[in-house]
Amino acid sequence: MLLNNNWKMKYKNREYPCKRFPVSMYQTLIMNGAADDPYYGENQYEAKELSREDCEFFCDFVPEGELFQSERITMTFYGLDTLAQVYLNGDLLFNSDNMFVTCRHDVTQNLLKGKNRLTVKFSSPLVYAENAYKDRPLYGVEGTVPGYQHIRKAHYSFGWDWGPQLPDMGIWRDVELTGSSVCSIESVYFKQRFSEDYKRLTLSVIPQINLWDIKPLELLIEIKLSDGRSLISRKSLSKSEKTEFTV
């Protein structure tokens, strides 16, 4: 179940509807007429100062009933930009300070069968970077916000030789609720190796399995070829781990 709709933003004690997902502070202010286009004239300098304020995004949602038939319900944020605190129904789930990672949290005990409120509070990346630079100055590129090296956020948002300094905040990838029982597949990684004459291919499939049941499982990988044939590989699993299939 995707949670990409019905978001609103709170900024300086005012609420604004988010008219498009992904959601960001600059986008929401501009689309609601509360900020000028930062790419017009010299508006970039005034727009930069908007990032000194913290902001928060929130949405209300009702979970799909079938989720509650699962042993475990997980909330996944595929991209939070950047200094975020995530709350569900007023309870703090987790903190995140890296724009480039996926964040997962077990919400089985937090999720209500009726209306829920999901809130993501963002701290100013501009203030964070400037304070970090005061504590530990580092050499940086001309035309950028000092201290950008101290935060795991896209550096282009802090400016470069001709680019504006617009360190945004927001949810830049999907938010999802998933239900699972016995285990879940956290990620899958593929590796391929060709023979020297390129006539043979060895394919390795590496899933990261999160297993919380004590019963061993059998994992099956099936690869369907263009000629209709299938390649199948099996492996038993008794604990949470990365495992490798080679076909």
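Separation of the range 181-247 and the range 80-140 by C-alpha centroid, Å?
After rounding, the separation between the Cα centres reads 33 Å.
Given the pairs Lys191/Lys239; Lys215/Lys235; Lys215/Lys242; Lys191/Lys242, which are separated by over 19 angstrom at their Cα positions?
Lys191/Lys239
Using Cα-Cα distances under 8 Å and only pairs 6 or more residues apart, what relative contact order does the chain have, in percent? Display every interim value, and only then the final one.
Values: 515 pairs, mean separation 45.9, N = 247.
Once normalised by length, the contact order is 19 percent.
So, in nm, how far is label Asn210 from label Asn4 when the simple model puts each one 7 Å beyond its Cα toward the Cβ?
Inter-label distance under the simple model: 2.1 nm.
Looking at the range 195-247, which chymotrypsin sites (Phe, Trp or Tyr not before Pro) are in a loop (DSSP not H, G, I, E or B) and have at most 12 other Cβ atoms within 10 Å? It would help to have the intermediate numbers written out before the result.
Working: sites: Tyr198, Trp212, Phe245; in loops: Tyr198, Trp212.
Those that pass, being in a loop and sparsely packed, are Tyr198.
To the nearest 500 deg cm²/dmol, what mean residue ellipticity at 222 nm is calculated for the chain from DSSP H runs of n ≥ 4 alone, each contributing -39,500 (n - 2.57), summed and divided by the residues?
-3000 deg cm²/dmol
Would you please give the FRET efficiency between Glu130 and Asp60, computed as 1/(1 + (r/R0)^6) with r the Cβ-Cβ distance and R0 = 30 Å, to the nearest 0.05?
0.30
Taking a temperature of 37 °C and a viscosity of 0.692 mPa s, what whole-number D in µm²/s does Stokes-Einstein yield for the range 182-246 with Rh from Kirkwood over alpha carbon pairs?
Once the numbers are plugged in, D ends up at 248 µm²/s.
When we measure straight from the Cα of Lys115, which lysines land under 20 angstrom away, once same-chain ones fewer than 8 places off are left out?
Straight-line reach from Lys115, under 20 Å: Lys8, Lys10.
Out of [x] 19.4; [y] 21.1; [z] 18.6, which label holds the value of Kirkwood radius over Cα pairs in Å that was computed here?
The value matching this structure is [y].
Want the number for Glu186 to Asp161: 0.36 nm per residue separation, take away the alpha-carbon distance, what's left?
5.0 nm
Of the options Thr178, Tyr148, Ser70, report the single residue whose Cα projects farthest towards the positive end of the charge dipole of the range 8-179 (beta-carbon charges: Lys, Arg +1; Asp, Glu -1).
The one lying farthest along the dipole's positive direction is Ser70.
Under 19 Å between alpha carbons, and skipping anything fewer than 8 positions from Lys199 in its own chain: which aspartates and glutamates qualify?
Cross-link targets: Asp227.
Quick one: P(r) of the range 1-104 from all Cα-Cα pairs, 10 Å bins, percents rounded to integers, in order of increasing distance.
All Cα pairs considered, the percentages come to 12, 40, 33, 12, 3, 0.
Nothing charged except the Cβ atoms of Lys and Arg (+1) and of Asp and Glu (-1): what's the magnitude of the dipole of the range 144-245 about its Cα centre? Round to the nearest 20 debye.
340
If R₀ is 30 angstrom, what is the calculated FRET efficiency for the pair Asp197 and Leu225, using the beta carbon separation as r and rounding to 0.05?
According to the calculation, E is roughly 0.95.
Could you sort the peptides 186-192, 81-87 by per-residue average Cβ neighbour count (10 Å cutoff), highest mean leading? Walk me through the numbers on the way to the answer.
On the way: 186-192: 10.9, 81-87: 21.1.
Order by mean packing, descending: 81-87, 186-192.
At Glu218 and Lys242, where each label point lies 7 Å from the Cα along Cα→Cβ, what is the point-to-point distance in nanometres?
2.7
Quick note: the coordinates plus some simple rules give every number you see, no bench work behind them. Nothing here was measured: the structure is a model prediction, and the numbers come from that model. Here the Cβ is made from the backbone with ideal geometry for all residues, glycine too, and neighbour counts use every protein chain on show.
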